[in-house]
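Chemist: Before I ask anything, let me first share the structure, which is written out below as structure tokens.
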């Protein structure tokens, strides 16, 4: 059995050979620097003109989107953008499953339709977030 060694730069990365690196969640806390803090999972900054800003603007206009409609707004992965808005910024996005035609109408596919939750606090948070994006 090969000896496991620890990467000096990242103690979570272990290796059993030159081409086998494995990331583990088991970390010996004595190996971490004293000022080590786990990365913050919330995304704090978004550049102006990003797909997150674009989709947030669409949602704030009261428009709902599914993944195919989002393509016209240059978002090719709407579920990821929605996840960032919710998990990274705390903006509530409602959703409902729907069936839409595909392959020129010869078949159908199930997708989610997303829209901004219209609770007053949520709308205020979404407007504030958009304001921060524009000001940046």
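Chemist: At a 10 Å Cβ-Cβ cut-off, how would you order 64, 107, fewest neighbours first?
Modeler: Least crowded to most crowded, the residues run 107, 64.
Chemist: Over region 51-135, calculate the relative contact order: mean separation of alpha carbon pairs under 8 Å at least 6 apart, over the residue count, as a percent.
Modeler: Here the relative contact order equals 32 percent.
Chemist: Note down the Stokes-Einstein diffusion coefficient of region 51-135 in µm²/s, whole number, using a Kirkwood radius over alpha carbon pairs, 37 °C, and 0.692 mPa s.
Modeler: D = 246 µm²/s.
Chemist: Moving on. Using a basic spin-label model with each label point 7 Å from the Cα along Cα→Cβ, how many nm lie between residue 134 and residue 64?
Modeler: 2.6
We did not get these values from a lab; they are worked out from the coordinates using the rules stated. In this text, all values refer to a predicted model and were calculated from it rather than measured experimentally. Quick reminder, even Gly has a Cβ in these numbers, built from the backbone with ideal geometry, and neighbours come from all protein chains shown.
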